[in-house]
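One structure is given below, encoded as structure tokens.
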Amino acid sequence: MVDNRFYKNNGPFSLGKIAEICSADFVGEAHPEVMIRDIGTITSGGKDEICFFFDRKKKELASQIKTAACITSPDFAALIPQGIMVLTCAKPHDAFVALNRAMYSEILPSPEVHPSAVVAASAKIGKDCYIGANAVVGENVVIGDNCILEANCTIGDSCVMGHHCRVGANANIMHAVLGNNVYIYGGARIGWDGFGFQTVNGVHERIPQLGRVIIGNDVEIGANSCVDRGALDDTIIGDGCRIDNLVQVAHNDQLGRGCILVAQVGVAGSCTFGNYVVCGGQVGFAGHIHIGDMAQIGAQSGVMRDVEAGASVMGSPAIGARDFMKQTAYIQKLCKK
């Protein structure tokens with residue numbers, strides 16, 4: 001059961017309404033008027049709840065379902081115990097997301113500027129914004145409508161932020177331009193210096209980092225991640241990108257649309273990614289390489305050269321995924337001899 005101290009439950013919903021939300025069909029005897037209070041799990045859901053069942057690896061758990069109803073795929077409908085109303089749809093996982101969005105909503109603060117917040121007189125703040133305790137908004141900042149700046153976050157001088165953005169607690173943004181619907185999670189650092197040094201007479205002299213960070217629309221950047229500003233050219237995060245927690249994106253990197261970088265990915269400077277590149281956890285990229293559209297990089301890979309569009313690579317140094325699997329199998333056979 002979802003804790004209502006943190007999330008608002010918009011229910012109860014009738015089972016008929018849930019079928020509409022999930023684009024699901026009833027199988028066998030059904031009572032669309034039955035009210036569903038919550039979403040439960042397949043092992044702990046109660047009588048006034050609904051669950052989802054779509055994991056092929058856990059088919060044996062179907063017998064433990066005790067909720068009033070279950071949404072599943074047509075292939076699994078026969079596994080649901082008698083007495084539980086069954087709804088089927090082609091994509092139960094998508095239905096799960098749709099019902100979650102309808103059933104629950106996060107409890108967000110009402111628009112206000114907290115008395116302890118520091119907002120420069122030259123800053124332009126849009127309508128219906130929330131600026132939390134001890135937040136700092138610098139000179140000449142422009143913030144769109146319906147934005148949320150959580151406690152202790154900092155928006156540096158001259159930054160620009162679009163509408164419906166959210167900056168988490170203790171996050172810091174500088175030298176950056178953000179689009180609409182951008183969510184910067186707590187503790188993230190956007191727009192700080194890239195790691196650029198030149199050794200002069202035995203001393204590592206810092207190279208001025210004069211670029212910006214440009215973040216497109218509908219982007220999420222996870223907690224404690226870092227996106228460095230460019231040295232001269234901008235660091236660019238394309239529309240729809242999803243960057244997990246603890247990710248490092250270096251100066252002058254450019255990500256296309258819809259890229260996904262999972263936790264602890266590290267991208268060295270001046271890399272370019274095409275659209276919809278997916279990187280598993282702890283992938284490391286050498287600098288100045290290009291990753292083509294739709295490429296998939298397996299977790300813990302070390303990518304040292306360009307990756308073609310649509311390729312799937314793994315390992316360190318990264319090679320084609322099939323070749324990596326063959327190598328792994330061959331080494332395992334050698335170890336058994």
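Residues in the stretch 88-103: is at least one assigned to a strand (DSSP E or B) and touching a helix residue (DSSP H, G or I) at 6+ places or on another chain (Cβ under 6 Å)?
yes
Here's the yes/no breakdown for (1) outside any loop (DSSP other than H, G, I, E, B); (2) aromatic (Phe, Trp, Tyr); (3) within 28 Å of Leu108 (Cα to Cα); (4) in contact (Cβ under 8 Å) with a residue 24 or more places away in the chain:
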residue	(1), (2), (3), (4)
Asn4	no, no, yes, no
Ile18	yes, no, yes, yes
Glu29	no, no, no, yes
Thr41	no, no, yes, no
Thr67	no, no, no, yes
Pro81	no, no, no, no
Val86	yes, no, no, yes
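Do we have any residue at all in the stretch 35-46 that's in contact with a Ser or Thr (Cβ under 6 Å, 6 or more places away or on another chain), at pLDDT below 90, surrounded by 13 or more Cβ atoms within 10 Å (Cβ to Cβ) and not β-branched (Val, Ile, Thr)?
Within the stretch 35-46 (the criterion being in contact with a Ser or Thr (Cβ under 6 Å, 6 or more places away or on another chain), at pLDDT below 90, surrounded by 13 or more Cβ atoms within 10 Å (Cβ to Cβ) and not β-branched (Val, Ile, Thr)), the answer is yes, since at least one residue qualifies.
Could you tell me how many of the residues in the stretch 254-281 are under 16 Å from Arg242 (Cα atoms) and either of a type in the set (D, E, K, R) or more than 21 Å from the chain's Cα centre (by Cα) (or both)?
Residues that pass the stated criteria total 1.
Within the stretch 257-273, take every residue that is in a loop (DSSP other than H, G, I, E, B) and touching a Cys at 6+ places or on another chain (Cβ under 8 Å) and give me the one that is nearest to Phe197 (Cα to Cα).
Restricting to residues being in a loop (DSSP other than H, G, I, E, B) and touching a Cys at 6+ places or on another chain (Cβ under 8 Å), the top hit is Val265.
Go through (1) modelled with pLDDT of 95 or more; (2) surrounded by fewer than 18 Cβ atoms within 10 Å (Cβ to Cβ); (3) part of a helix (DSSP H, G or I) one by one and return the number of the condition Asp75 breaks.
(1) is the only condition that Asp75 fails.
Determine whether Asn146 is outside the structural domain of Gln254 (by TED's automatic domain parsing), at pLDDT 95 or above and out of contact with any helix residue (DSSP H, G or I) (no Cβ under 9 Å at 6 or more places or on another chain).
yes
Within the stretch 188-211, restricting attention to residues that are within 17 Å of Met174 (Cα to Cα) and out of contact with any strand residue (DSSP E or B) (no Cβ under 6 Å at 6 or more places or on another chain), which residue is surrounded by the most Cβ atoms within 10 Å (Cβ to Cβ)?
Gly194
Quick test for you: out of Arg166, Arg189, pick the one residue that is basic (Lys, Arg), within 17 Å of Gly211 (Cα to Cα) and within 22 Å of the chain's Cα centre (by Cα).
Arg189
Can you work out which of the residues in the stretch 287-337 that are assigned to a helix (DSSP H, G or I) and of a type in the set (S, T, N, Q) is nearest to the chain's Cα centre (by Cα)?
Looking at the filtered set, the residue picked out is Thr328.
Need the failing condition index for Ile50 against (1) closer than 21 Å to Val2 by Cβ; (2) part of a helix (DSSP H, G or I); (3) modelled with pLDDT of 95 or more, just the number.
Exception for Ile50: condition (2).
Just to be sure, is Ala62 assigned by TED's automatic domain parsing to the domain that holds Ala19, part of a helix (DSSP H, G or I) and not β-branched (Val, Ile, Thr)?
yes
Exactly one of these conditions fails for Gly284: (1) over 22 Å from the mean Cα position of the chain (by Cα); (2) assigned by TED's automatic domain parsing to the domain that holds Gly187. Give me its number.
It fails just one condition, (1).
The values are calculated or read from the model by the stated rules, or taken from the named source; none is laboratory data. This is a predicted model, so every value here is computed, not measured. Cβ atoms come from the backbone with ideal geometry, glycine included; neighbour counts cover every protein chain shown.
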